[in-house]
Structures are given as C-alpha cells and as structure tokens.
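The values are calculated or read from the model by the stated rules, or taken from the named source; none is laboratory data. On a predicted model such as this, the values are computed, not experimentally measured, just so you know. We place every Cβ from the backbone using ideal geometry, glycine too, and count neighbours over all the protein chains shown.
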Amino acid sequence: MENTYETMNGILSAQKKHFIKEGAPSIDLRVDRLNRLKALIMDNRYDFVEALNSDYGNRSKNASLMTDAYTIVPEIDNAIKNIKKWTKVDKRSSNFPMGLLGAKSYVSYEPLGTVGMISPWNFPVNLGFGPLAAIFAAGNQVMHKPSELSPLSAALMKDLCDKAFDETEFATFLGGPEVGSSFTKLHFDHLLYTGSGEVAKHVMQSAAQNLVPVTLELGGKSPVVIGNSADMKVSAKRIMFGKTMNAGQICLAPDYVLVHKHKKDEFISEVENTVKEFYPSIKDNEDYTSIINERHFDRINSLITDAKEKGAHINQINPSNEDFSQQEFYKIPPTVITNTTEDMNVMHEEIFGPVLPVVTYENINEALALINSKDRPLGLYYFGSNKDEEANILNNTSSGGVTINNVVGHIQQKDLPFGGVGPSGIGRYHSYDGFKNFSNQRAVFKDIGFKFDKLFEAIRPPYKGSIEKVLKSLLK
Ligand code: NAD
C-alpha cells in the first residue's frame, strides 16, 4: 500500500483510538515491548549486518555488529531496569502554608500517545530502534519513517517490526522525502527527527502547523582541541577511530582538529601511522566502509577539490598506493587537509566523511575564537591533562555534549542525556532524560481539605481593604 497522508493518518487514528480505549500501558506491557525489541535486534543481527553491507556497497560487518546491534542493547536494558523508578510519582513541595495543611504536589509521568519518528541512513538500526528504549518506557506508541537511502535495512526493520508489534504499537512507513513530508503533517503527540539541519527546518515548520512538539537530533562541525599536554599517539588513534568508523559518516564525528603549530607535524605523522595500522589497504578492505551513495561521494570530493583550489594542502593517506579512480564502491581514503582558510567549504559545512582539516593555533584562545565563530556543535572534544586548559575550553564554548580525551564517547554513556544545542539540535533523549522527554510531565496539586476553606477568605472578595499584608506574609 502506498504511504499517502491519508493511509498514514488512518493508522494514526487507529493508534489514538487504541490509546484512549486502553489507557496508559502497564509497566509489564512496556517491558514486554522492550524485550520484543531487544530480541528482534539480537536474533536478527546478522541479517541486519548483511542488509547494511548491501545498502552501503561495503560496510564493515564488525563495526555494524557494534554500532547497529550490541550498542543498542544497554540502552534497552537500562530502561527495563529503571522503568519502575522512572514511572513513580515525583513528589514536590507545596507552597507555604498549604503544605503544612496537607496539600500535595507531585509530577506524574504520563505517555504522550503516538510519537512520530524519522530516522537517517548513517546508523539505520541504531537510530531507528535506539530511541524506542525511552519512547516505549514512557508508554508511547510509535510511527516510524526510516531513510530511503538505506532501503534494505529499512525494509528488514519494517518486516520484523510488523511481525513483532501490532500496528497500534509500532508501525513503519517506507519512502523518501515525499512520504517524509506527508508524515510531518500528521497530528502526532510528538515528533522525533534525526537528520540534517536543512531538512529539520521543513520538519519543524510542518509540525508547527499542528503545534506538534519536536525533538530534533541534528549534526554540525564538532571540533577537537588538542592541548600540548596530550599524548599525540594515543590522541591520533582515538580521533582516527572516530573519524574512520563508518567512513566518518557519524553525527558526532570529529569534524576538524585544532593543534598547536609546534605539534602539528607530530600529530599528522601519528595520524598516518594510525591509518596504516588500522587499514593496511583500503579499496578491498571490508572493514573500511564506503560512502553511502554517489551524491555524498561527490559532495565530499568536492569539499576536497574546493579546498585544494583555494590553496589547502591535501594529504590522502593511502597505505598501499591503491588507485581510487576506478572502484566498485564509493570509498574515499582518510584525507588530512592543512593550510585551510575560512573561505573553504570544508571549514563551514559539516564534512560527514573521512576528511580531517587540521588547523593550527599559537594560543589556545585562537582555537576558542574559531570554535565560537561557528554554530554551536553537537560534540566538542578536548585532549590533554591540563585541568586549567580543560576548564577554559569548557567554560568558554558551548556544545550539545563533551568528551574529554576521546571522541564520540558521551553518546555511549547510558546515563547521560544526548542532544544538540541551537543548530545542532533541540531536546535530549537517552535514559531518564529520554523518558522525561517522551512523557507528559503532568503537574498535579491537591489542595487543602474543605474544612480549612476559611483560610481563602483572606484573598477572596469582597475585600475590606488592601490584601497586601496577607500577600506579604505568603512570601516565605
Ligand atoms: P536527511 O535529513 O537527508 O534525511 C533524514 C530523514 O529525513 C530521512 O528519513 C529522509 O527520508 C527524511 N526526509 C528527507 N526530506 C524530508 C522532508 N522534506 N520532510 C520530512 N522528512 C524528510 O539526513 P541524512 O543525510 O539522512 O543524515 C545526515 C545528517 O543527520 C547529518 O547532518 C548528521 O549529523 C545528522 N545526524 C544526526 C544524528 C543525531 O543523533 N544527532 C544522528 C545521525 C545523523
């Protein structure tokens, strides 16, 4: 069946009716949904790995097992373990003197209803299923639109989810931007979008027509600052692990590096050593992932060409001197760019590929000024053991999250909220913060008993004079 606005709206209506009829799902049902999800991922992990490999042309099967199977599980287990604690009524204090007279205040975490979810192609399983830990724990139903750029993974996700879940619990809709655009017009109770900032503008505008609240998980240029106290060998290994995983097609990939001018050569030499160690060859190396398609391959290559034309030095790290002009898949070897200037596209567009500009500074404040001249990024990374320098960087920059002495790591911590700030995103999910993000945090106040009603006479008409004395006495 074609996914038109009308057909998708039919499923949304069915979900809404079901929710009104059945009420908030029990804890047992939520745990059951989470367990079904976990089993679905783990039982079919090798099929997912194969589908991802076909979608990409070549995607590291080892990395896929890690990123699109095993790393989703702790998030689900964490939700199952904590769901009773999270769903408990959250007691708050009541204003003076009502609290003393028996009034009660609390926050009750209630499901929102149906959460719409649009996910991208770079980690199709992780970003399609990972958010469900918090969404299901909060008792919601879901309608999902995966990316058309990873069609085999998307079809497999749909097939398995259609079998494991009733369509009133979880429904999947395949299709591209047209389906995505109709999807965002639906009157969801919340819409979670993961993808680029450009599309997010359309998503938010469309959701605004129905005042649907949004969580936007976007990207940006996540900088790495290397201090002089950093171990260059270890830093290069950690940075290049993050930059070459999924060929740099990671929202949190280190986008560019800032290093002291006297340490630049040492750092680049360690980057070269690392690449040779990780990938002695690239073209037929199954653990070196391809760029998803020709459009993105051309986009990344044009960033390199533009930088070169404007005077940058391009250092393509190609350990076996392979010829990349003819190749079966879209592979781009790790490429370091130096002598950059701010008029180069590579310095203001999110790279989303295995290309690493290395910019030098003489004084750390120059690094801070460059970071602060750009949009606030999703991640920020500092390498070094100088506590004052670390504090200076953290206190004088802003980003959605920070990892110190590594890259990407904060997203993997199951108890930290994940999200961006400003153009890198709106809202936070993962763990308890995710549970709250996908809950209606309903504020409940139970007033004092009827027998104390006389107390209110002091603030109710008819007024015999000014009530200011009473109001002042309440300012305690
Ligand atoms: P994209 O924006 O091109 O596509 C994402 C999704 O949006 C797809 O499902 C697509 O079909 C859908 N879509 C496209 N046009 C649409 C429209 N007009 N209306 C509604 N939906 C539409 O993004 P992408 O290329 O798939 O992903 C790359 C971007 O995502 C990068 O910027 C990256 O940093 C970001 N990202 C962020 C996170 C995060 O968690 N913060 C994770 C992964 C990727």
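Observations on the structure shown:
- Any hit, segment 234-250, residues being farther than 17 Å from residue 334 by Cα and in contact with a strand residue (DSSP E or B) (Cβ under 8 Å, 6 or more places away or on another chain): no
- The single condition among (1) acidic (Asp, Glu); (2) in a loop (DSSP other than H, G, I, E, B); (3) assigned by TED's automatic domain parsing to the domain that holds residue 193 that residue 433 does not meet is (2).
- Residue satisfying condition, being in contact (Cβ under 8 Å) with a residue 12 or more places away in the chain, assigned by TED's automatic domain parsing to the domain that holds residue 275 and either in contact with a Ser or Thr (Cβ under 6 Å, 6 or more places away or on another chain) or under 21 Å from residue 123 (Cβ atoms) (or both), within set 315, 339, 386: 386
- Looking only at segment 112-135, residues that are surrounded by fewer than 24 Cβ atoms within 10 Å (Cβ to Cβ), closer than 30 Å to residue 17 by Cβ and under 21 Å from the mean Cα position of the chain (by Cα) come to 1 in all.
- Some residue of segment 247-263 being closer than 20 Å to residue 361 by Cβ and aromatic (Phe, Trp, Tyr): yes
- Residue 458 meets all of the listed conditions (1) outside any loop (DSSP other than H, G, I, E, B); (2) touching a helix residue (DSSP H, G or I) at 6+ places or on another chain (Cβ under 6 Å); (3) modelled with pLDDT of 95 or more; (4) outside the structural domain of residue 313 (by TED's automatic domain parsing) but one, namely (3).
- For residue 190, the requirement of being in contact (Cβ under 8 Å) with a residue 24 or more places away in the chain and either in contact with a Leu (Cβ under 8 Å, 6 or more places away or on another chain) or within 11 Å of the ligand (Cβ to nearest atom) (or both) is met.
- When the criteria are applied in full, residue 184 meets the requirement of being among the β-branched types (Val, Ile, Thr) and near the ligand (Cβ under 9 Å from one of its atoms).
- Segment 288-322: number of residues that are assigned to a loop (DSSP other than H, G, I, E, B), polar (S, T, N, Q) and under 20 Å from residue 239 (Cβ atoms): 2
- Flag if residue 199 is more than 30 Å from residue 26 (Cβ to Cβ), free of Cβ contacts under 8 Å to residues at least 40 places away in the same chain, surrounded by fewer than 24 Cβ atoms within 10 Å (Cβ to Cβ) and not small (Gly, Ala, Ser): yes
- Restricting attention to segment 199-241, the residues that are near the ligand (Cβ under 7 Å from one of its atoms) and acidic (Asp, Glu) total 1.
- Residue within segment 94-104 that is surrounded by 14 or more Cβ atoms within 10 Å (Cβ to Cβ), part of a helix (DSSP H, G or I) and on the phi < 0 side of the Ramachandran plot present: yes
- The residues listed here are 210, 285, 228; of these, the one that is in the same structural domain as residue 188 (by TED's automatic domain parsing), part of a loop (DSSP other than H, G, I, E, B), at pLDDT 95 or above and surrounded by fewer than 18 Cβ atoms within 10 Å (Cβ to Cβ) is 210.
- Note on segment 391-413: residues that are farther than 23 Å from residue 425 by Cα and touching a residue at least 60 places away in the same chain (Cβ under 8 Å) total 1.
- Residue pairs meeting the criteria (Cβ under 6 Å; at least 6 apart or on separate chains; first within 30 Å of residue 126 (Cβ to Cβ) and in contact (Cβ under 8 Å) with a residue 24 or more places away in the chain, in segment 426-454; second in a helix (DSSP H, G or I) and among the small types (Gly, Ala, Ser)): 429/134; 434/134; 435/134; 435/137; 438/134
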